Amino acid sequence: MSKTTDPSRRRFLGGAGLLAVGGYPARALARVKAPHAAEMLGPSREVFSFCDMCYWRCGLKIRVRDGRAVKIEGNPEHPNNRGVVCAKGNAGLMAAYDPDRLKFPLLRMGERGAGKWKRISWDEAYDRIAAAFLKAKEQYGPETLAMIGHGTWEKPYHRLAHAFGTPNTTSPVFGLCCGPRDVANQLVAGRPLGGNETLDLENCRYFLMMGRNITESLHNGETLGWVEAVAKGAQVVYVDPRYTITASKAKEWLPIRPLTDHAFLLALIRVMIEERLYDTEFVAAYTLGLEELERRVARYTPEWAEEECGIAAKDIRRIARELAAHAPAALVYSPRRLTRTSNDLGTGLAISILNTLLGVWDREGGIFSPLSFPVPEPDLPPFPHADAPRADGAGVEGVWPLANAQYGLTNQMWSAIAEQKPYPIKLLLTAGGNGFMNSTDFDAIRRAIGQLDFFVAADIAPNEMNQYADILLPEASYLERYDDLQTGGAKEGFVAVRMPAMKPLHDTRDAWTICKQLAGRLGLGAWFPHASAAELIDERLKKAGLSLAELETKGIVKKPADPARNFPREHGLPSVFPTPSGKVELVPSRLKALGMDDALDYLPQVRPQDGEFHFTFGRVGFHTHARTQNNPWLADLMGENELWIHPDAASRQGIRDGDRVEVADRNSRKETLRAKVTRRIRPDTVFMVHGFGHFDPRMRTAHGKGAADANLASRDRDGHLGTVAMGRSLVRVRKL
Amino acid sequence: MAEHDIRMKLHLLCAGLFAEPEAEHLEHVLRPLAAELGQTDGPWQEGVRALPFPEGGRETAQLGLEYNRLFVLAKGHVPVQPYGGYWLDGKSTLYGPSLRTVERIMAAEGLEPAQASGLAPDHVVCELELMAHLASQGGKKAPLEKTLLFNHLARWTPDFCRAVMENTREEFYCAAAKLLEETVARDEARLAAHMGRTAGDADEEEQA
Amino acid sequence: MTERLIRVRDRRTIALHWFNAACWALLLASGFGIISGDDVRLAPAFWPGLVQNLAGGNAPVVSFHGVLGMVWAASILAFALFNLRRVVRPFLAEVLVLTPVTAWRDLRFTTVTLLRLFGLAKNAELPPQGRYNGAQRLLGTLIVLGSVLIALSGAYLFLAPKLLPFAANPLYGELFRWALMVHAGTVFAVLTGLIPHIYFAVVEEREALESMKSGQLPVDFIRHHNPLWYEELHRSGKI
Amino acid sequence: MTKKYVMLADATRCINCKACVIACRAEWGTPLGHSRDWVREVEMEGPGGMPDLMLLPGRCQHCDDAPCVESCPSGAAYQREDGVVLVDHELCSGCELCVPACPYDARFLNPETGTVSKCTFCQPRIDAGQPPACVGTCVGRALVFGDANDPASEVSRLLQEKEWLRLTSDGVNVGPNHYYHTGGRPLPPEALPKPTTPHVQGRLLEEVVNPLAGAGLLGMAGVFVAAGMKKLLDRRSEVQRQEGGHHD
């Protein structure tokens, strides 16, 4: 309390008190003081929105003054963030006010990528695009169009592409990120965790974090829930080659050998079955395949795992017991981006199986069933049937049948364009995103772009990929537009609205307007019957018994959480698992049905030779992927990335903290950056923060800063899903 | 010509020079304007006469490319940002706080950037046209002129003009930048002499 | 018995003296009222509190002090320019202590005078003094040079923050801080000197105070205190 | 009752996401290169040579004995009754005497205003009943702000419930009103304030000019008060002598 104030009063004794009489407390005076104009909160109004700085989409209240967004705050009613906003969300203002932003529709004048542009009118841009699209459609069929999106505001582009008749729409979210995790949960339990994971974090008592760096790969609501649990005393075991901020909150850090998580998890499964630590009641009532599983994991002893992953056998046994002791309020926490090894599906399955053995489904502190707020889609004519299969093979039998056909496999799509196989792809439409920085194959992307007849890029800011476009369409940022509704599945069901905080700046337009106007030119107007996004969402809301006007005053409408439906098994109600068998399948039947090896078995991964390191990368809490490095406010927090290297390894190479080093993989791909010598990483592993090393000079702030991990990450594939095994790169480090 | 008329036309000409070059506009608006000013005695005469207008479609197209390279988008970053706020608000933001000054004057005059132009109110073209509009009223809008000049144009166009001269490969933009620089400097001297200049004065008006 | 009086200064000079004195009083009162930080404060803490509360904030006090300071400096400067030959040059010639020898002599005079107040040093010999005695000369020099310093530093303190971008050049702030020190230090030095000035005027030599009202001084007083001046007046036939 | 505003920072909940830093920048338009708040990430060595981290969010600590207020010559730095230390930008000259006086390095000369800026606990926001921008946005809810004199406030409750430390050291204790919970761990020495080195002019004023002036003034006044007294006494004895003479 303030009363504990040290009565010694002054910092240093000095001569100034010489003339003081009585020590009249100056601060008690009621003097009139003038704050600076900047220190006033002028008159303003608030509009509701949801964030677009990452994929989590927090609810926002945007303060608007003089017709301009001036401050972003959280909407306390929104379950995704409960009022808090991260640094990225706060810096969203600079996405709109960035001087480097794309401001006008531009036509390429010189060579692709030569950087010669001419401002053209929107009409001219649409006319040129329509002419090129119709010509190529005629020549090659509609499947010659590929649409590569980016994960957030791309919905109208998907619609446009599907109306055009192509199946080839893709975003990085599946093949470069969460794919294996979601497929694994789908195969085992028929229930993916979704983009906003359905974990009852606050009530969980024990977290086994499998490299889930939840404090730095940060999503407000999720992180806050986890921090609440830890503050309430939940135990954390953090498994990661690197000591992250999340590790600093854990009671235990296990610096596992990279790529061997699967071995560790298999041994845990074995111990849990061997020692009958699992939830016998749940396993008996709800699962299939325990005996087969037991047989299959018999050879994965803790001692074997210790050899493979470097975690002591006794610790593995202990952790299995601790997990069981806290079940069902215990979680084996999957990483969000599970694209590391050639058997990520196996890792994902093991996590899902462990959670099943712990019986966490539909239990407090475990995995809950979300409520939804159904808002019907507008009535549209059916999309034309695409005769051709997807070019990336996602969902295509005999190719990658398990891959998600909505988001596809972005890397394979780039390869398909580069090789023009299985059929010519001559048109590319990108909506946000940056192929170079989110895939791992610069070469394939360059070759792909060379194959195109026409490349249209819609984006807010310049980046490496869109500098090759033939026409660049400047989009309004999320602060300047209506968008389709956000309907969510948390404990509460909700529908939230994005309202414009200001008119579109410069000569920009929102995605819905762009797609509608383009569709009109392409003769596809029937799929865009609404005059604007506002009209579209108003129609959807009316069908749900709401209205846009109502939502605009609140920002969000919620269906209250219902414990009986979120946690049916806590209330004597049954759980539902929509698998082929209707049960949780400990050995997934779908893999068998597809004639695939069932991925349960451990697949040995690459190991560094002398002088080599495992290459890893990850995130910090104040940058989103490769999207925000040019944001002046966020760049101020971290302007370039560094190569984390253990002091033992560094001293062998004569590298000191701050030295410039070159990192090269076995294919002679190279990047240079500064070294950070730290004990916070294993000696056989190096690490860098993702998203730096931008080489587009139009990005004034980010250009040439740090190194591009995308140019070093492996191009290997997971054998079951076609997702990218980014962690399989081995690199050498050399002092420059 | 009356003095205010000349000032109006000079600002209009400068605005036009920094607009996207279109043959129509160059031939039928800017060239006659320059010719008229070039025949009127005054310190601007030399600068106006020195303007190398493009001859023919090829040269105009060439100029268009240079315009886009300089002010719109280039391989490197945009070499010269044509927005006042960029220069006044720390070069890391557009639509920053300095824009309010211009918007307030525009609102007082019932003006705003044309919808189709897609230009921010503090784009060099908008500010100069606003100045021309104010000047055309023969000194009646002197306080607003003063605010626009001392809080905006005179504070950023010198840097802007220098950047244009350093970055352009076209004689045309060099001459245009020089003309703009001189025009603003003369305005500054003139307004300072007429009304007395302190930063404080301008600020007060700004706040009022 | 009527004293024989002689006019020694004109009305303008007298007015200037009292104008100067009034300015000083107001500038001191307001100046001490501005600075409230304990580490830099000159006056007891209650004073800035009182002044600022009376004025409704510190801003008016600062403005008052700054504006009055400039009025004061400008007035004296104007007076000096318009009366350069008639008043100022002769005054400066009499009063300024510029060499170490004279300084030593004046210091000795001052010390002995001071000691005599306490009945000491009765036997010390004092050389005869001119229009201004040693102590007055020292004080006069202090006030003249001090005023210049105070005016210059004050002008910088008041105007520089309004005119110069301190963030652009660290020198501006550096200079400000030195100016602050010079301003305060000089004010103190002058203030210290003013104590005997006032004491002598009020207690010891009421005639001198009287002459600052009427402009006249008794001839006897001059003969007694300023024999050299008396001689000079005598020589020039003014007595 | 007078309010007593305090900031609590729970280091065990802080994740160094810098949301507070950006929210502050957005709220007050702080020019790039400067910030009113920060998060300090201190890397330490834990037991067994394992790495360890401590995350300490910070800003102006609104000290009871704010050295910035004490070193301000313009009367621009001041403290409200509720403890909030503020800058009157109309008065601030930008002389920076207060900048090195702060043991927390919380003040800087703002190039856009020419005056000294710092955290104000978001004074206009708190006066309007909103939390400071950093507190409202804090992702881990590590920052809590409130009135410690209100026994019903969250800060009062937390101050009682948990153990709180302040950034003070043997040499420096100016009564900060910013509290830290570290889960029982001691604050790392590098996070503690070091004695400051004020500008030479400030020190000269404080240690030479003012004491000298005080001594000089008092001394001089003393001498002449004494002289006056002596004169008075002399005169009285003279009068007495004369009166005595009459009687004689």
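Please treat every number below as a calculation from the coordinates, not as lab data. What you see is a predicted model, and the numbers here were worked out from it, not measured in a lab. When we count neighbours, we look across all protein chains shown, and the Cβ atoms used for this are built from the backbone with ideal geometry, even at glycine.
Observations on the model:
- Peptide B:110-123 is shielded by partner chain Cβ atoms: per residue, an average of 2 of them sit within 10 Å of its Cβ.
- Rounded FRET efficiency, nearest 0.05, which uses the C-beta distance separating A:Ala526 from A:Arg652 and R0 of 60 Å: 0.35
- Ascending count of other beta-carbon atoms within 10 Å, so fewest first, for D:Tyr78, C:Tyr132: C:Tyr132, D:Tyr78
- Computed across chain D, the Kirkwood radius stands at 21.2 Å (inverse of mean 1/r, all Cα pairs).
- Peptide C:191-200 has a mean of 4 when you count, residue by residue, the C-beta atoms of other protein chains within 10 Å of its C-beta.
- Cβ neighbours within 10 Å from other chains - mean over A:59-68: 2
- In plain terms, the chain from B:Ala50 to B:Asp5 could stretch by 14.1 nm, reckoned as 0.36 nm per residue minus the Cα-Cα distance.
- If R0 is 45 Å, the Cβ-Cβ spacing of A:Asp443 and B:Ala61 corresponds to a FRET efficiency of close to 0.80.
- Inter-label distance, nm, simple model (7 Å from Cα along the C-beta direction), D:Leu32/A:Lys559: 4.6 nm
- Distance between region A:667-702 and region A:432-464 - C-alpha centres, whole angstrom: 21 Å
- Structure-based [θ]222 nm, chain B - -39500 (n - 2.57) summed over DSSP H runs of at least 4, per residue, nearest 500: -18000 deg cm²/dmol
- Packing, taken as the mean count of other beta carbons within 10 Å per residue, orders the peptides A:88-97, A:196-205 from highest to lowest as A:88-97, A:196-205.
- Ellipticity estimate at 222 nm from DSSP helix runs (n ≥ 4, -39,500 (n - 2.57)) divided over chain A, nearest 500: -8000 deg cm²/dmol
- Debye log10 I(q)/I(0) at q = 0.04 Å⁻¹ for the protein assembly as shown, Cα point scatterers: -0.34
- Nearest-0.05 FRET efficiency for B:Ala192 and C:Ala74, computed from C-beta distance (R0 30 Å): 0.80
- In the protein assembly as shown, taking the dipole from charged Cβ atoms about the Cα centre, the farthest positive-side position among B:Pro52, B:His28, C:Ser75 is held by C:Ser75.
- Projecting label points 7 angstrom from Cα along Cα→Cβ for A:Ala593 and A:Thr280 puts them 3.2 nm apart.
- Taking label positions 7 Å along the Cα-Cβ direction at both A:Arg660 and C:Leu54, the computed distance is 6.6 nm, reported to one decimal.
- For region A:621-736, relative contact order (Cα pairs under 8 Å, six or more residues apart, normalised by length) works out to 31 percent.
- DSSP assigns beta bridges within the protein assembly as shown; of those with both partners inside it, close to 60 percent run antiparallel.
- Gap separating the Cα centres of region D:101-141 and region B:66-128, nearest whole Å: 31 Å
- Among beta bridges that DSSP assigns inside region A:613-735, antiparallel share in %, nearest 5: 60 percent
- Under a model in which nothing but the beta-carbon of Lys, Arg (+1) and Asp, Glu (-1) is charged, region A:389-506 shows a dipole of about 100 debye around its Cα centre.
- Gyration tensor (alpha-carbon) shape descriptor, region A:613-735, a/c threshold 1.5: oblate
- Exposure proxy order (Cβ contacts within 10 Å, fewest to most) of A:Leu41, A:Leu479: A:Leu41, A:Leu479
- Inter-centroid distance (Cα atoms) of region B:1-62 relative to region C:168-185, Å: 50 Å
- Each of B:Lys178, B:Lys146, A:Lys554 has some number of other Cβ atoms within 10 Å of its Cβ, and from fewest to most they run A:Lys554, B:Lys178, B:Lys146.
- Farthest toward the positive end of the dipole of the protein assembly as shown, out of A:Gly595, A:Leu176, B:Ala189, is the Cα of B:Ala189, where the dipole comes from beta carbon charges about the Cα centre.
- Cα gyration tensor category, rounded, prolate or oblate, for region A:42-97 with a/c compared to 1.5: oblate
- Taking the Cα centre of the protein assembly as shown as reference, the dipole from Cβ charges on Lys and Arg (+1) and Asp and Glu (-1) amounts to some 2940 debye.
- Among B:48-55, A:690-697, the peptide with the highest mean count of other Cβ atoms within 10 Å heads the list, and the full ranking is A:690-697, B:48-55.
- Dipole check for region B:3-207: with +1 at the C-beta of Lys and Arg, -1 at the C-beta of Asp and Glu, and the Cα centre as origin, the magnitude is about 260 Debye.
- Amide hydrogen proximity for A:Thr678: with H placed 1.01 Å from N in the peptide plane, the residues at 5 or more positions away or on another chain lying under 5 Å are A:Ile645, A:His646.
- Shape of chain A from the C-alpha gyration tensor: rounded (a/c under 1.5, with a ≥ b ≥ c the square roots of its eigenvalues).
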